[in-house]
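Have a look at the structure below, then the notes.
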Amino acid sequence: MERDGRGSRRTGGPRRGSGRRSWRRVGSAFAALAWLAACLGALSGCSPEPLTFSVLHVPVGYDANEVLDADLLDPDHDGDLDVLVATSADLRYLECDAGRRSDASSGTGLGQVAPVQRLHRAGLGAGGADGNGTSSGSGTAGAGRGEGRGSGSGTDAGDYLVERDGQLSRLVYSGIGSWREEAGPVPAQAPGAVLELNTDLDGDGLPDRARIVGRSVVIELQRAGGVFEDVSQRTGADGLLLPGDGRRLCAGDLEGDGDIDLLVVGGRLFALVNSGGR
């Protein structure tokens, strides 16, 4: 060991191994930064996408007739939401298979039923309506994240009150894929059309609001404190301009992905397909 002229240890100059220790510290710091960046990247990758809707036209036959009303139902209990449609010429049944809907009216008996203007979920069996235009079903079929309030909430009962020129009659489901119109007691007054729904659209556990105003659909998300924010433009819902005045709004999981979508009637039949974001 070197000493100075007074016998003391020399303090100047680098010690052996100090350079290696410094590089180790630098390497550890870089590794920590890389780990932090990876964590932040993973967290950002898990962030939900903004809620958006895609506008989808749902053809009914050749679209030669005006669509007056429609409702979602699952009469065959397969978990897919089908659609009962009232056009100016007839009643149609659109069956869903793997997210696609096709006309399956043949063999359902609907061709024997005279045209109607309105469909109302009937209290003729379990899961019907209470006569006030509010579905008493629980939204069990394809309801996904939330329940829609009103006809079209995804209940699977197939019985209806049909309205024809202001008069109500009973459309009864056989349980094996067909309907028939039959006599029986009906309410003195037809239920009102469902133009507004409360259902959780963004999956945050709070019921949001969807409503038809004229020929447009308005989407309002519920925020903290019960305040509703109009997000129609931001979500793309304002891209749907109905060819006729809005006549019905239904909510249900149309795609089978767990998200609440909207079925809209206004001259034609449209779907607002939910992206599932927030």
Surface accessible to a 1.4 Å probe, residue 49 within the full protein complex, Å²: 130 Å²
Between segment 76-97 and segment 204-278, the alpha-carbon center distance in angstrom: 20 Å
Accessible-area value, residue 172, 1.4 Å probe, nucleic acids and ligands omitted, Å²: 20 Å²
Solvent-accessible area per residue for segment 163-210 (1.4 angstrom probe, square angstrom): 51 Å²
Solvent-accessible ranking of 57, 120, 77, largest area first, probe 1.4 Å: 77, 57, 120
Efficiency of FRET between residue 180 and residue 227 - r from beta-carbon atoms, R0 45 angstrom, step 0.05: 0.40
Loop trypsin sites (Lys or Arg not before Pro), segment 155-261, which have at most 12 other Cβ atoms in a 10 Å radius of their Cβ (DSSP): 223
Average Cα contact separation per residue, segment 209-248, under 8 Å, 6 or more apart, as relative contact order %: 40 percent
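The values are calculated or read from the model by the stated rules, or taken from the named source; none is laboratory data. None of the values given here were measured: they were computed from a predicted structure. Virtual Cβ from ideal backbone geometry, glycine too; neighbours counted across all protein chains shown. Keep in mind that these areas ignore ligands, DNA and RNA; they rest on the heavy atoms of the full protein, side chains included. Shrake-Rupley method; radii C 1.70, N 1.55, O 1.52, S 1.80 Å.
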